[in-house]
Each structure stands twice: as C-alpha cells, then as structure tokens.
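Scroll down for the structure; my scribbles are underneath it.
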Amino acid sequence: MSIVRRVLDAFALRFSVAEQRLADLTLVRQPVSAVGSLFNPAWLSEFGVDPRVIMDIGSYDAFDAIRLKTQFPQARVIAFEADPDRFAIAERNAQGSGVTVVPCAVGASDGQRGWYQAKSTDGIGGQGSFFVHAKTFANISQAKAANDVHVTRLDSYCRGAGIADIDLLHIDVEGAEYEVLTGLGALRPKMIFLETIARHNWKGAKSSADLHRFLTRARYVLAGDFRSDRLYVRADLVAEH
C-alpha cells in the first residue's frame, strides 16, 4: 500500500470518527431540513416549543422566514436584512405572507456601522458582513469600502416592538454571530440556530469556540452540530426533553 493511500485512509478514519462523535452529541431526533437552511421546524415540537415569536437574522431572500411562517401561522415572524438590494427582494418575496421584513443589521450596539456589501459572480448580492474577508473566495466579490447601515440590538428592537420573549432565533450573518448574541442583553431565546463559519474567513470575527463559550455560560446546551451550523437549546428545555 502506498504512503499516500495510507495517509488518505487514516484521514478518512479520523473523519468518520469525528462524524460519529458529532452524531452522538445530537439531541434532536429529526434530520436536518432538505430545503432552505438546515433548520428543521420539527425540532421546535421536539422540545415542546409552540413558537409565538421567530426572528430570522440575515434573511437574504426571506425564504426561511416564509417557510417558518407557513409552518407556524400563529407565530410573529420578523426577518432582518442589511443588504439594501437583498432587502428589496426579501420584502417583495414576503409580501402577503405575514412576515415582517426589517431593513437593518443586527449587532451589539444601536446606531450606524460600516458594512461590506458582497456579490457573487452572477451579480446576486449576499454574504455581506461587518467584517472584511480574510481570504479570496472564487465566487464572491466583497466591496473594498464599507457603507454605513442601520444597526439594532435585539433587546432594543424587542422593547420597541413589545416583544418579551423569542422562541426561535435563526442567524446567518457572515461572521457577526457573536455581535447578534451580545445584543440580546437579558433576552434568552428558547432555541438558537446559527451558522458557524470558521473565523479565519473574516478579519476580527469571533470563532465558533467563542460562540460556544458565550452560549454555554448563558445556560444553553448544544443540541446539534451540523458542521457549518449549530443548534443550541436553553438548558431548562433540555432538562424536560
């Protein structure tokens, strides 16, 4: 057997062991979603959550917000999108669905902040961020200069909107996940589903380990690790699971 083959076999074994360890940590029974993001709405009922407030941060085209509103018509679903081009698309898509689309970023402080718009090679917007790309992506072009966008903390938004509790927080914000969590203040959503991109993709972004420490200190349990996404559930709900 060649050395290269041995190395590849060893890597495959380590990878399969790592995959099994992640599977063993998963508390949810239902598989990931086959449409939209990996979040499966069935996970809410697994933990006895009848959602009344759902927030989709970094909504892109409002697809996930709309599918969650369709699944839970009684819920108040609010989608946030900072990219002005994507907001127009999300707002148009959400028309008549009952989803509220808000044209701003979500972060750790209220006000204005520099935000780098990004577009894919086909000209479609998306992947915009507070942070500069730390490396070159073949299919993504990020603006060299930041434009100021309106930013809200989630606790500030909830106070103004008369919201006392969040049942599901769905986050896809290209490296700014920690800022979104910091802006919760005393709010403790029942479930948090977030993208966990490697921090080396973004200059100055927090790592997935930083996110994990923050959430475990806030009494959340990792209920599912799906490589690029994670599901966290408030500890009191896990105790009853």
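Take the conditions (1) touching a helix residue (DSSP H, G or I) at 6+ places or on another chain (Cβ under 7 Å); (2) buried (at least 21 other Cβ atoms within 10 Å of the Cβ); GLU179 misses just one of them, which is (1). Residues of segment 147-154 include none that is outside any helix (DSSP H, G or I), in contact with a helix residue (DSSP H, G or I) (Cβ under 7 Å, 6 or more places away or on another chain) and not polar (S, T, N, Q). Annotation: of all residues in segment 122-175 being more than 18 Å from the chain's Cα centre (by Cα) and among the basic types (Lys, Arg), the one that is modelled with the lowest pLDDT is LYS135. Looking across ASP64, ASP85, ASP56, one residue alone is within 26 Å of SER120 (Cα to Cα) and assigned to a strand (DSSP E or B). It is ASP56. Among the residues of segment 205-223, are any at pLDDT 95 or above, charged (D, E, K, R) and touching a strand residue (DSSP E or B) at 6+ places or on another chain (Cβ under 9 Å)? Yes, segment 205-223 contains at least one residue that is at pLDDT 95 or above, charged (D, E, K, R) and touching a strand residue (DSSP E or B) at 6+ places or on another chain (Cβ under 9 Å). Of the residues making up segment 183-204, those that are modelled with pLDDT under 95 and either in a loop (DSSP other than H, G, I, E, B) or not aromatic (Phe, Trp, Tyr) (or both) are GLU195, THR196, ILE197, ALA198, ARG199, HIS200, ASN201, LYS203, GLY204. The condition (being touching a residue at least 12 places away in the same chain (Cβ under 8 Å), more than 20 Å from ALA90 (Cβ to Cβ), of a type outside the set (D, E, K, R) and surrounded by fewer than 21 Cβ atoms within 10 Å (Cβ to Cβ)) is satisfied by just one residue among ALA186, ALA209: ALA186. Among the residues here, VAL180 does not qualify as assigned to a loop (DSSP other than H, G, I, E, B), touching a Leu at 6+ places or on another chain (Cβ under 9 Å) and closer than 19 Å to ASP64 by Cβ. Assess whether LYS135 counts as being out of contact with any Leu (no Cβ under 9 Å at 6 or more places or on another chain), among the charged types (D, E, K, R) and without any contact (Cβ under 8 Å) to a residue 24 or more places away in the chain. So LYS135 fails the test. For segment 34-61, residues that are under 18 Å from VAL238 (Cα atoms) and not small (Gly, Ala, Ser) total 10. When ALA79, ALA62 are screened for being out of contact with any Phe, Trp or Tyr (no Cβ under 8 Å at 6 or more places or on another chain), crowded, with 22+ Cβ neighbours inside 10 Å and at positive phi, only ALA62 passes. The residue that is modelled with the lowest pLDDT, among those in segment 224-241 that are in a helix (DSSP H, G or I) and in contact with a strand residue (DSSP E or B) (Cβ under 6 Å, 6 or more places away or on another chain), is VAL238. Name the single residue that is modelled with the lowest pLDDT among those in segment 26-77 being farther than 21 Å from VAL101 by Cβ and among the charged types (D, E, K, R). Of everything passing the filter in segment 26-77, ARG29 is modelled with the lowest pLDDT.
Answer yes or no as to whether GLY224 is under 15 Å from the mean Cα position of the chain (by Cα), among the small types (Gly, Ala, Ser), surrounded by 17 or more Cβ atoms within 10 Å (Cβ to Cβ) and farther than 24 Å from LYS119 by Cα. Here the answer is yes, as GLY224 does meet what is asked.
Candidates ARG92, ARG86, ARG159: the one that is buried (at least 16 other Cβ atoms within 10 Å of the Cβ) and not hydrophobic (A, V, I, L, M, F, W, C) is ARG86. The set of residues in segment 31-50 that are small (Gly, Ala, Ser), within 16 Å of ILE166 (Cα to Cα) and part of a helix (DSSP H, G or I) contains only SER45.
The values are calculated or read from the model by the stated rules, or taken from the named source; none is laboratory data. Every value quoted in this text rests on a predicted model; they were computed, and no experiment measured them. Positions of Cβ are generated from backbone atoms using ideal geometry, with glycine treated the same way; all protein chains shown enter the neighbour counts.
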